[in-house]
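Worksheet: the structure to be examined is printed underneath.
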Amino acid sequence: MSLARAMTPYSVLAEAKLTRAARPGASILLVEGSDDARFWRRHSILGTEIVTTGGHMTATSALALIRTDRDFANPPHHGCLVSIDRDYRPPTSDLDTIETDFHSLEVVLLASPALEVVLREFGNTKKIARHSAAEQSVFESLVRRCVVLGAIRWYCAAMHVDFASLRLSVRRLLSCSDWTLNESELWQIAGAGGVSEASVRSFLTASPRESRTEIQICHGHDMMDCLSVGLSSHLGDAPVSAEQLTSSLRLAFVALDFAATNMYAATRAWERRAQPFRILP
């Protein structure tokens, strides 16, 4: 597996060509980041060449180069699959590209039974039960707290506004003691940066209905930060970093969980088209 250091479509192509020359039967899986590579190492067969590209543009551009390279002309299929986050882009129609079910891999992990495993490990059972009785499940609470920030992120991506310039973050807006989100402060900060509540809500109304579900709008990093804040006091007894939670969720996400995703189904469909290449056990 390659490092994501200064990768370009041409350097990804070069790595793929080396793999094909050394191991003609190996499938090549192009992923965006190191967390994606760690996920796929647990769920792919031994011998799959996982190349960390650094981003979806590099991965998809490299795929285009691979398709036209003579080293991949025989057998009939080039044996390369791209796995990318859905982000806020329209669904892909490319048959050699699969997307996460939701915004990113983090949301897929949080929406799975792996979350309960991690809550048992890092949470306080009584606090979690008290929260669920008073409000809703932890996952539903994560979605409710992160959907507004996700909507602003989506609006900024569509309108080419620099989201980072708004200086919005879950950690800045969440109370550690009672895990409440200060939504009025959120809109004040966004408004000062030129992003009004009215413009975001108008944008959502005009967006395709299938893209407007709350879970599709939520951003994975926001949800991980939100859970980290919650476990520090309201749901648990000690701080847990978002990075530690991501790693633990990845380890708790078993083959049965993966088999229930659209990602898995799309990979199996690719394998049928790309015979004899395989990625899944």
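The values are calculated or read from the model by the stated rules, or taken from the named source; none is laboratory data. Since the structure is predicted, the reported quantities are computational estimates derived from the model, not experimental observations. Cβ coordinates were reconstructed from backbone atoms using ideal geometry, including for glycine residues, and neighbour counts include every protein chain displayed.
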Subset of the stretch 193-207 (residues that are charged (D, E, K, R) and either under 16 Å from residue 163 (Cβ atoms) or touching a Leu at 6+ places or on another chain (Cβ under 8 Å) (or both)): 197
Return the pairs, sorted by first residue and then second, in which the second residue is surrounded by 12 or more Cβ atoms within 10 Å (Cβ to Cβ) and in a loop (DSSP other than H, G, I, E, B), the first residue lies in the stretch 176-189 and is assigned by TED's automatic domain parsing to the domain that holds residue 232 and aromatic (Phe, Trp, Tyr), the beta carbons are less than 6 Å apart, and the residues are 6+ apart or on different chains. 179/234
Single condition residue 152 does not satisfy, out of (1) in contact with a helix residue (DSSP H, G or I) (Cβ under 7 Å, 6 or more places away or on another chain); (2) within 14 Å of residue 223 (Cβ to Cβ); (3) not basic (Lys, Arg): (2)
Looking at (1) at pLDDT below 95; (2) in a helix (DSSP H, G or I); (3) of a type in the set (A, V, I, L, M, F, W, C), can you tell me which one residue 7 breaks? (2)
Please verify whether the stretch 75-82 includes one or more residues that are surrounded by fewer than 20 Cβ atoms within 10 Å (Cβ to Cβ) and of a type in the set (Val, Ile, Thr). no
How about the stretch 261-277: which of its residues are in a loop (DSSP other than H, G, I, E, B) and either among the hydroxyl-bearing types (Ser, Thr, Tyr) or more than 20 Å from residue 84 (Cβ to Cβ) (or both)? 261, 275, 276
In the list 100, 48, 53, which residue meets the criterion of being in contact with a helix residue (DSSP H, G or I) (Cβ under 6 Å, 6 or more places away or on another chain) and assigned by TED's automatic domain parsing to the domain that holds residue 16? 53
For the stretch 100-154, name all the residues that are among the hydroxyl-bearing types (Ser, Thr, Tyr) and under 18 Å from the mean Cα position of the chain (by Cα). 100, 104, 112
Does at least one position in the stretch 25-42 carry a residue that is crowded, with 18+ Cβ neighbours inside 10 Å, in contact with a Gly (Cβ under 9 Å, 6 or more places away or on another chain) and farther than 20 Å from residue 275 by Cα? yes
Restricting to the stretch 251-260, count the residues that are in a loop (DSSP other than H, G, I, E, B), under 24 Å from residue 123 (Cα atoms) and aliphatic (A, V, I, L, M). 1
Return a yes/no flag: does the stretch 108-122 have any residue that is of a type in the set (S, T, N, Q) and within 16 Å of residue 220 (Cβ to Cβ). yes
For the stretch 247-281, give me the residue count where each residue is more than 14 Å from residue 42 (Cα to Cα) and among the hydrophobic types (A, V, I, L, M, F, W, C). 8
Out of the stretch 208-250, which residues are under 13 Å from residue 155 (Cβ atoms), touching a residue at least 40 places away in the same chain (Cβ under 8 Å) and part of a loop (DSSP other than H, G, I, E, B)? 219
